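Student: Attaching a single structure in structure tokens format; questions to follow.
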Amino acid sequence: MYQTQDLVVRINWCFRKLTSSNWSDIRNNTTLHSFYWIHEGSGVFRTDQTYQVEPGMLFYMEPGLHMRMTSSAESPLIISMVLFECCAVQFSMGLWQMPVVVPRLDLPFVKKLQGDFALELDSAFRDVTQMWVPSNTDSELESSAHLLRLIARLHQQKQAPLQTDQAFERYVCIKQEMEHHFAEPLHIEQLARKHALSVSYLRKLFLKYTHLPPKEYLTAIRMQHAERYLIYTDHTLRVIAQACGYSDEFHFSKAFRRWKGVAPAEFRKRIGSASTSSVDTGSKL
């Protein structure tokens, strides 16, 4: 699979389709990823199953799938269609890795969305289709950025329970507090108490949605920031330790060695050597 932050997209075509009564069409290009967002109207989409289409429905089609679309006579469909290519590019140990084609995104084929999130998507698809102008560099870059943001939001929403309850909302608040205040002396027990959750239930929620216990999730955030400090700054280990929520250099170095398998000073040295080697050999994608 892929990490969402590694995704790169290139829009090949997108447009807002105002159909007529009894309009019918097929998915002509099956080599690309495709989104079909229903703004208005009703109709029928057919693959190996038949789907009654209505506003607020999102269809995601990976390359290779076929579909026939029909609009009703009484209420013609208005659809945003986005056809795009997608790959993942990782940056590891100071070097860009070769792009890897993403055969399919981890998103459902069809989903009915409601409430604020449906309104958000409706606006997002309007922005992407209005912004995209083929062969216009600025337009293509900006519309691709909007599409990436849209894909990220879909991945985030996919994790949420069908009916958001108070416990999930409190988990989200705690997770955001960790992400934005990682440099502060946070304690899991205090966070759980502050948001009226038991430590055991908070752990259960973190394991379900991040696949990490809360303490390890906080450590992961701190270590990822620490890596950037080591790569992009000349800060001392003492300064980096404080910037990443550790009281002293010793505890920071111990945590970093567990995280990366090497001491922070050695990690910085290896990254510097790899970057120098890359420049000397002229290596590039």
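The values are calculated or read from the model by the stated rules, or taken from the named source; none is laboratory data. Predicted model, so just to flag it, every value in this text is computed and none were measured. Don't worry about glycine lacking a Cβ; one is built from the backbone with ideal geometry, like all the others, and counts go over all protein chains shown. Each accessible area value is taken on the protein alone, full model and side chains, heavy atoms only, with ligands, DNA and RNA left out. Shrake-Rupley method; radii C 1.70, N 1.55, O 1.52, S 1.80 Å.
Student: (1) surrounded by 17 or more Cβ atoms within 10 Å (Cβ to Cβ); (2) β-branched (V, I, T); (3) more than 22 Å from Q5 (Cβ to Cβ): which one isn't true of I151, the others all being true?
Tutor: (3)
Student: Now for a different question. Hey, among R203, R228, R238, which residue is over 27 Å from the mean Cα position of the chain (by Cα) and open to solvent by 30 Å² or more (accessible area, probe 1.4 Å)?
Tutor: So the residue among R203, R228, R238 that is over 27 Å from the mean Cα position of the chain (by Cα) and open to solvent by 30 Å² or more (accessible area, probe 1.4 Å) is R238.
Student: Additional query: Please determine whether any residue of region 80-102 is more than 26 Å from the chain's Cα centre (by Cα) and open to solvent by 20 Å² or more (accessible area, probe 1.4 Å).
Tutor: no
Student: One residue is enough: does region 2-23 have a residue meeting the conditions assigned to a strand (DSSP E or B) and free of Cβ contacts under 8 Å to residues at least 60 places away in the same chain?
Tutor: no
Student: Continuing with this model, one more query. From the list T210, T219, which one is open to solvent by less than 60 Å² (accessible area, probe 1.4 Å), under 21 Å from the mean Cα position of the chain (by Cα) and modelled with pLDDT of 95 or more?
Tutor: T219
Student: Looking at (1) aliphatic (A, V, I, L, M); (2) more than 26 Å from K158 (Cβ to Cβ); (3) at pLDDT 95 or above, which is the only condition A196 fails?
Tutor: Going through (1) aliphatic (A, V, I, L, M); (2) more than 26 Å from K158 (Cβ to Cβ); (3) at pLDDT 95 or above one by one, A196 breaks only (3).
Student: Contact list please: Cβ distance under 8 Å, first residue in region 52-73 and closer than 23 Å to Q157 by Cα, second residue surrounded by 18 or more Cβ atoms within 10 Å (Cβ to Cβ) and of a type in the set (K, R), pairs at least six apart or on different chains.
Tutor: M61/R27
Student: Still on this model: Could you please give the count of residues in region 242-255 that are hydrophobic (A, V, I, L, M, F, W, C), within 14 Å of L218 (Cβ to Cβ) and part of a helix (DSSP H, G or I)?
Tutor: 2
Student: May I ask you to list the residues in region 179-193 that are open to solvent by 70 Å² or more (accessible area, probe 1.4 Å) and closer than 24 Å to K158 by Cα?
Tutor: H180, the sole residue that qualifies.
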